[in-house]
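Here's the structure, in structure tokens; my notes come after.
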Amino acid sequence: MSEARYELVELLGAGGMGRVYRAVHHPSGEEVAVKLLHPEVREDPLHARLFLDEATAAAKIDDPRVVRLLDLGRDEGGYPFLVMQLARGPSLEALIDQWIGWRPIAAALVGTLEGLAAAHAAGVVHRDLKPANVLLEPMTGSAQILDFGVAALIDPLRDQIRDGVVGTPEYMPPEQLLGRGPFGPWTDLYAVGVMLAQIVRGRSPFADQESLSGLLIAKAHHLTPRALPGPREGLHVPPALQDLIERLLSPHPRERPRFAISVADELRRLAEQVVDEVPPHAVGIFESSESAQMTTIDTKSDPTQPGSITHPGLDLPFCLPAPVDIELGAALARLRPPPMVGREAERRALEETLDEVVRTQLPRLVAYVGEAGIGKSRLARWGMAHVERTGLMESASGGYDASGADLAGGLRHALRRLVGVPTEGWVDSWSWFSEEPGLDLDALVRYLRADDGDEPLAAEAVCQLAHATLRAVGRSRPIYLWLDDLAWARDGALDLALRLLEARDVPVLVVATFRPGAAQAPLVRERLETLLAHPRAAVTRLSELDLDARSELLSGLAPLASGIAASLAERLEGSPLLLEQLVRDWIDRGLLVPEGGALQTRGGASVDELLVERPLSALLADRITDVFEAFGERAALAEAVLGRAALLGGRFERSALVAACARRPSLAAVLDEVLDQALLLGVIRSQRGRVYAFDHGMLHEAMVARVERGDGSQATFVDAANGLQARYGKERPDIAALTSDLLWRAGERELAWERRLRAITRAAWAGDDFVAGGYLAVARDWARSDDARRAQVEHAEARVHYFALRYDRALTHLTTARELAEAAGDALLVWRCKGLEADVVFYQDRFARAETIAEEIWAGCVGEAIDALDARQQAAHRLADLAVLRDDLPEALAWFERATEVAEQSGKPWRVRVELLNRSEMLAAMDRLPEARALQAEVIARAKKERDDDGVMAASEAKARLDAVGGEAEAARRFLAPRVAEVREGGDAWRLTSLLLYLALATVELGEDASAAVEDFARAFEAVPHEEALTLHTMRALAGRLEDAGQFRLARRVDALLEARRAAHRAGFQEE
């Protein structure tokens, strides 16, 4: 035991997780509070994590109304303990019971709300606020909030972790008690409502609930507490105070007040109107429910009553190790956030812009541009804290990483922060959305519920959803929307920012941060330049902090002895992040030691000597190295695991890392140990579920650079690519692009090239033209000196224009692609170019030309190569379509049978599935419905056996079409209605036309008004005709059913569509 110690002298209290002691720090003699975990739970990772979370939360708050964290230590067994300011005085609970008078109690509650405002601005939600956790200082009567044991941290750029049900049920809002919905300031404000009701009414609003189960049922059904007869005897309150209580106790978070400071201001004003004539006999009648003192630690634990805890006490006094000077310990230095220094002009300008948005209710954009670590994100975070602390705006944010994959949060995270993740009963809690025009609630629910492994929604669809959601939220209050590293966004955020400025229908300040030169793709650069040139946008380019600001930053990080901060500031320039890391590194390594109430250099060394021993350049690399050194002889295994994690992205799922290590058992064996050590040392952070992120982009980049320099980097890149594909599949365009990058860097050029082309095609097929353009830019760079690949790039770009219905541009690129392919001697690519040309001219209604090309391919493209078989199948398919337009269905069926034979030769199950479904629908168009159903059933059975999700969906769509034409209208509509919404979101206009037709037919068959459904289909058909055999057959059937139902106008509308296309068919076949 060192001379410095904490001497624990008195047990102050105990709970389900730990005990709190009064202690004396030696040699200073200062009295403090020390919190220890109970011996029986300190080995449990959940309780240990909650304990450390409490320290992290408390360290972030610097406000006199919140009990201050002084130290985080470890005992001789390595178990953590917390040292806090010793709060003195009675609890608010005792004062409510004794009734010392309305004014001091109301003032204490106002002080509590001001403390909450500071906590919320620091990103901390208490989650267990109650009268027992608020103490009043005896001399001043000021309130202090304590016990952040189950507090939650809100990271602007990361989704929340669902960590079970925590808190005291009496004071928990329904969404917290039921483990649903996000937590936030509204969580604590509900607890304030319960406390205010207890103060005013003399009893809990839930006093009638005698058990935890009764309370759970009441809150599960979103029951607002039954209004009591009125305030306690002798207390006269204005109706507005009763209304405030009811608003705070709303079962729906959006209906509660949003900001603690706003409630404090309102309560301070209303408190003046209260008349306190409470008689003596009314004192001491505080009434609560039986469940008021129960605390649920997590959903796996039984509720515990503090009074029933029988943990054996330790013999007092006993001692724990301590630093010589309290608050100078290394652990606390790591936990405390750095001060916001300098940037006065930028902060002043940001405040003025915030005020302008609030005043005018019009959007603005502020962009901060600067190198990594220069302070862009800190300035944006400061703005978020400012609007929370002052109640100016509601805030949300989304971040991106350089991979471009939709794995870094983005707009989905921002919207989840604003409106939550819908759970059971979401319709009631989202009723405030119902009047928002253009907002597809079902689509928004699917988007917010989506998992990281799900196929990303097209950027345009995300942009539309986000815009409508922000418009709905903006009706209540202005919005602060921070988009971090916006230049890397691929989810529609760039378009959203511009749309918000153009539409001027949302009171929002968009704060965008990005690095100079981050936008590599031409389309991205073009859009970013357009956004920044908008008259409602302002761009600020951040440079390094000046000398005074650097000195202030260093002094604020830790109590450095006189002269050290100034000396360091003079010698060091660079990013604020690295300056912070340097000071913390020196404290960790004992180069700065406590002495005389400040941190002095060890042994009186000069700053220059310390910079030689621990230079700035070594910081990030050494922070990573510390993780590996903890593994001793297994350091290489630890480095291999963390290297693969870094290549997965700045944010990664444990399941993807498991897949990346799957083929190397030695890595799989240490994987979780590596993650735990990286968490402990602050290299990564845990997010929701089993998702992790590197603590800063510079740490992520340092780890990637280490991989690139190391031995065996090729295997690391390949494993990471395989892990991503195993976790997310090979069809997602963002994953295909990311794996292609990794494989290219591994030297696996052919496989990388194949994945890159797949990424382009999948993005274009999904209607994501912007993303496809970005992928094309990379492919062009890779193909710069390779004519064969240049030809493939031109062909890929032609496909992008084809999917976007830009047929003339597609033909231009096809001409270039064919010329390059011929020059390179790539005969198969020439055939593929002809196949795509046949598709393009077919949709230009140039049917004779399409037929000539398709026949040429069928006759001339021979061989067993996959590309040759693909070209022949495509030609057979197109010739079948042309036979349909000639109304020669037997000939069309024969061509589909030939296409099936070729698909089977290719060995690609999905191609076989496509042609079998085509044959099924052809049979249905020929009124051979039983055969059609049998073939469709065969396809769905194959798809399920092969675990082909896309095949199951395609076969299910086909079944719905057969149901619609086969008289099973209800079954057809049950499938088609939600599927139409999904396809509309995805931007697949051709498929949408088909689905809308069958939905319209089902609606007519059910005897319902089909006007809207038919018009919806007609508009879609006019924009993008869908002319497969069953479609045309069904259109004729629909016209007939409408006529039978007396809907003659609608019948003529469908007939007119058919006749217009018949005229186009005649002209198209006569063209050549």
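Maximal additional length on extending the Leu153-Leu12 stretch stands at 48.1 nm, based on 0.36 nm per residue less the C-alpha distance.
Amide hydrogen proximity for Trp482: with H placed 1.01 Å from N in the peptide plane, the residues at 5 or more positions away or on another chain lying under 5 Å are Ala396, Ser397, Gly398, Val511. Global dimensions of the range 344-541 from alpha-carbon coordinates: Rg and Dmax equal 16.0, 47 Å.
Maximal additional length on extending the Glu529-Glu701 stretch stands at 59.3 nm, based on 0.36 nm per residue less the C-alpha distance. Here r is the Cβ-Cβ distance between Glu897 and Trp990 and R0 is 30 Å; the resulting FRET efficiency, rounded to 0.05, is 0.80. Output the antiparallel fraction of DSSP beta bridges having both residues in the chain, as a percent to the nearest 5. Expressed as a percentage, antiparallel bridges in the chain total about 65. With Cα atoms defining each centre, the range 919-953 and the range 526-601 are spaced 65 Å apart in the structure.
Simple point charges give the picture: +1 on the Cβ of Lys and Arg, -1 on the Cβ of Asp and Glu, and for the range 4-93 a dipole about the Cα centre of about 140 debye. A simple spin-label model places the labels of Ala635 and Ser476 5.3 nm from each other, with each point 7 Å out along Cα-to-Cβ. Dipole of the chain computed with +1 at Lys/Arg Cβ and -1 at Asp/Glu Cβ about the Cα centre; of Ala497, Trp586, Thr168, farthest Cα towards the positive end is Ala497. So what's the gap between the Cα centers of the range 1031-1072 and the range 1-79, to the nearest angstrom? About 79 Å separates the Cα centre of the range 1031-1072 from the one of the range 1-79. Note on Ile217/Asp243: beta-carbon distance plugged into 1/(1 + (r/R0)^6) with R0 of 45 Å gives a FRET efficiency of 0.95. Could you tell me which of rounded, prolate or oblate describes the range 727-941, using a ≥ b ≥ c as the square roots of the eigenvalues of the alpha-carbon gyration tensor, with rounded for a/c under 1.5 and, failing that, prolate when a/b is larger than b/c and oblate otherwise? Prolate, since a/c reaches 1.5 and a/b exceeds b/c. Between Gln273 and Asp888, the simple spin-label model (points 7 angstrom out along Cα→Cβ) gives 8.6 nm.
Across the range 483-492, rounded Karplus estimates of 3J(HN,Hα) from the backbone phi angles (6.51 cos²θ - 1.76 cosθ + 1.60, θ = phi - 60°) give 10, 8, 6, 4, 5, 9, 5, 10, 10, x Hz, Gly and Pro being marked x. Between Asp781 and His236, the simple label model (points 7 Å from Cα in the Cβ direction) yields a spacing of 7.6 nm. Once the convex hull of all Cα atoms in the range 888-1001 is built, its volume per residue stands at 108 Å³.
Other residues with beta-carbon under 13 Å from the beta-carbon of His38 carry, at +1 per Lys or Arg and -1 per Asp or Glu, a net charge of 0.
Among Ile853, Ile684, Ile96, the order by Cβ neighbours within 10 angstrom, fewest to most, reads Ile96, Ile853, Ile684. In the range 656-808, taking the dipole from charged Cβ atoms about the Cα centre, the farthest positive-side position among Leu675, Val707, Pro665 is held by Pro665. Of the residues Ala746, Ala796, Leu553, the one whose Cα sits farthest towards the positive end of the charge dipole of the chain is Ala796 (charges of +1 on Lys and Arg Cβ, -1 on Asp and Glu Cβ, taken about the Cα centre).
In order along the range 769-774, phi translates into HN-Hα couplings of 4, 4, 5, 4, x, x Hz, rounded to whole numbers, per the Karplus curve 6.51 cos²θ - 1.76 cosθ + 1.60 with θ = phi - 60° and x for Gly and Pro. Extension gain for Gln844-Asp950 works out to 35.3 nm (0.36 nm per residue, less the C-alpha to C-alpha distance).
Between Arg709 and Asp62, the FRET efficiency estimated from the beta carbon spacing at R0 = 45 angstrom works out to 0.65.
Only Lys, Arg, Asp and Glu carry charge here, each on its Cβ (+1 for the first two, -1 for the last two); on that basis the range 967-1070 has a dipole of about 300 debye about its Cα centre. Going by neighbour counts of Cβ atoms within 10 Å, the residues His120, His252, His413 line up, fewest first, as His252, His413, His120.
Pairs spanning more than 24 Å between alpha-carbon atoms, out of Lys730/Lys834; Lys834/Lys944; Lys376/Lys730; Lys60/Lys376: Lys730/Lys834; Lys834/Lys944; Lys376/Lys730.
Around the Cα centre of the chain, unit charges on the Cβ atoms of Lys, Arg, Asp and Glu (plus for the first two, minus for the last two) sum to a dipole of about 700 debye. The rule of thumb for compact globular proteins, 2.2 N^0.38 Å, goes into the C-alpha radius of gyration of the range 967-1070 1.04 times. When each of Met393, Met922 is scored by the number of other beta-carbon atoms lying within 10 Å, the sequence from fewest to most is Met393, Met922. Find out how many positive minus negative residues lie around Glu272, taking Lys and Arg as positive, Asp and Glu as negative, among other residues whose Cβ is under 15 Å from that of Glu272. Result for the local shell: 0.
None of the figures in this text is laboratory data; all of them are computed from the coordinates on show. Only a predicted model underlies this, so the values are computations on that prediction, with no experimental measurement involved. Note that we place each Cβ from the backbone using ideal geometry, even for glycine, and neighbour counts take in every protein chain shown.
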